[in-house]
Every structure is written in structure tokens, then in C-alpha cells.
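The values are calculated or read from the model by the stated rules, or taken from the named source; none is laboratory data. This one's a predicted model, so the numbers in the text were calculated from it and none came from an experiment. With ideal geometry, Cβ positions are generated from the backbone for all residues, glycine too; neighbour counts draw on all protein chains shown. Note: accessible area is taken over every heavy atom of the protein model, side chains too, but ligands, DNA and RNA are not part of it. Shrake-Rupley method; radii C 1.70, N 1.55, O 1.52, S 1.80 Å.
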Amino acid sequence: MAARINPSILSADFVNFQSEFSTIQNADLIHVDVMDNNFVPNLTFGLPMVSRMQQITPKPLDVHLMINEVDTWAVGYAEAGCFSVTFHAESSQNPVALAKRIRAAGARAGVAIKPNTSLDGILDELAEFDQLLVMTVEPGFGGQSLIESTLEKVSAARRRIESEQLDVWLQVDGGIDESNIQRVAEFGADTFVAGSAVFKADDRAKQIENLRNLANLGLSHRH
Ligand code: DX5
Ligand code: ZN
């Protein structure tokens, strides 16, 4: 299992995405946070903007939808060519049915849960998704501190992925930086979103490399 580092462009310069992308070319995927000022108290951009990003991105897009009307909007991001589309379980009437529609439109389907949402409802359906995103902060803003109690869900999900030999990526998002990524990897996450930790670094490519090395160290120390 090799760690993936997905920089979140929530911390990038919103009027210079093309040049910002060029500073993170060694990323595994590029994490794109869509917010509707409804599901979360913040607003970013929607499908027209992400479709345009899709045309210029050097790496596959990892779209994270923090919106209410996910059953209406998610498939559009898959149709726009985004590699992965993750929606919140809290927003969908039927997460498994939505995942099937996203896959049918050609993207990987991810399901996300907020820090206070239990994993129980999802665990038995894990095989229906390509990615589980365990939020490690309350969604909405970059630069927050990781909520320690969320990591139990990461270990529980990893145990289930291993016991059922599932091909599901286990993503964490929020408060990940060089001080904690190795430890978070030891809980079993394999896909790491990092916003401020990457974009505030003087040498972003070097920081991505550093985070990846630390995460791989954590994965190799798992027991
Ligand atoms: C928060 C977003 C994150 C955010 C993470 O709701 O989903 O992707 O950009 O930012 P950091 O890494 O700064 O916590
Ligand atoms: Zn995100």
C-alpha cells in the first residue's frame, strides 16, 4: 500500500489556478472542495469552474462535494471527466444508488462522513464505493486542527477493508500536516488531503514529497 498525497486547492490562490497547479505537479491527485454555503458555512465554486479545471489540470481531480443537493449535482462532475467524485453520506437520499450513477458516468465514487457521523451505516456497504473519506475536521474551512477522536473510525474502516479484502481507498481530510501524517497513516489511512500544509510551504513539491515519505513510513509501521 503506497500513500497518496492530494493537495487541497482550497488553500490556493483562486484567481491563479493554472499557475498554482504547476507548483504541485508531483501530487497524486488534486483535491477540489466544492461548497454551497448550505451544507457547510462557506462557498467556493461549482460545476462550471470545476469543468474548466478539469481541462487544464496536470493530475486527476479528486472532487469533494460539500453540498446539500448531491443527488442532483454529483453525476455532472463525473460527466465532466473528474477522476473521483466524493459526496457526503449526510446529503444523499441513497448513497449506494448515487455511487452506482457516478461509476456509470465514468468516475470513481467516494462517500464522506463528518466527524460526528457514525461509520456504522457505511461499513456494510463499503464495497459499493471506491473511496471512504473520514473527515478529520468539521468540513468548511482549511487550516483547522485535526480532531483526534475521528481516527478510531479510520482504524475501524481499515480493519473492514482488510478483512473483506476490499479495493477501497481510505482518505482523511483536515488538519493533516508533517507533525501528524505518519501517525494518521499508522491508523490505516492511505490517501491524505493536505491544504494549508502544502500551500503555505515555500517549496510545495518538496513538502508533498516529505508528506508522502512520512505517510509511507507510517503505513510500513502498521501492525
Ligand atoms: C475542509 C476541506 C479540506 C481543506 C483541508 O472542509 O474539505 O479539503 O482544504 O485543509 P487543511 O489541510 O488546511 O486542513
Ligand atoms: Zn476536502
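On a per residue basis, the chain carries 42 Å² of accessible surface, using protein heavy atoms and a 1.4 Å probe.
The alpha-carbon of Lys59 sits under 16 angstrom from the alpha-carbons of these aspartates and glutamates, leaving out residues fewer than 8 places away in its chain: Glu20, Asp28, Asp33, Glu209.
Shown for the chain: the carbon plus sulfur share of the solvent-accessible area, taken with all protein chains present and a 1.4 angstrom probe, equals 47%. Rounded to 0.05, the FRET efficiency of the Gln55 and Glu125 pair, given R0 = 35 Å and the Cβ-Cβ distance, is 0.55. For the stretch 84-128, the fraction of C-alpha pairs more than 18 angstrom apart is 21%.
Taking 0.36 nm per residue of separation and subtracting the current Cα-Cα distance, fully stretching the chain between Met1 and Ser179 would add 62.0 nm.
Once both labels are positioned 7 Å from their Cα atoms along Cα-to-Cβ, the gap between Glu164 and Glu148 label points is 3.1 nm. Here is the P(r) of the chain: all C-alpha pair distances, binned every 5 Å from 0, give 1, 7, 17, 21, 22, 18, 11, 4, 0, 0 in whole percents. If R0 is 41 Å, the Cβ-Cβ spacing of Gln18 and Asp71 corresponds to a FRET efficiency of close to 0.80. For the chain, modelled as a GNM whose springs connect Cα atoms under 10 angstrom apart, the maximal fluctuation among Leu98, Leu43, Leu65 occurs at Leu43. Short-range pairs are left out: with C-alpha atoms under 8 Å and at least six residues apart, the relative contact order of the stretch 1-126 is 18 percent.
The GNM of the chain, with springs linking C-alpha atoms under 10 angstrom apart, assigns the highest mean-square fluctuation among Thr136, Thr191, Thr72 to Thr72. Can you give the relative contact order of the stretch 4-220 as a percent, counting alpha carbon pairs under 8 Å and 6+ residues apart? Dividing the mean separation by the residue count of the stretch 4-220 yields 20 percent. Note on the stretch 162-223: Kirkwood radius taken over Cα pairs, Stokes-Einstein applied at 10 °C and 1.306 mPa s, translational D equal to 132 µm² s⁻¹. Once both labels are positioned 7 Å from their Cα atoms along Cα-to-Cβ, the gap between Phe141 and His221 label points is 3.1 nm.
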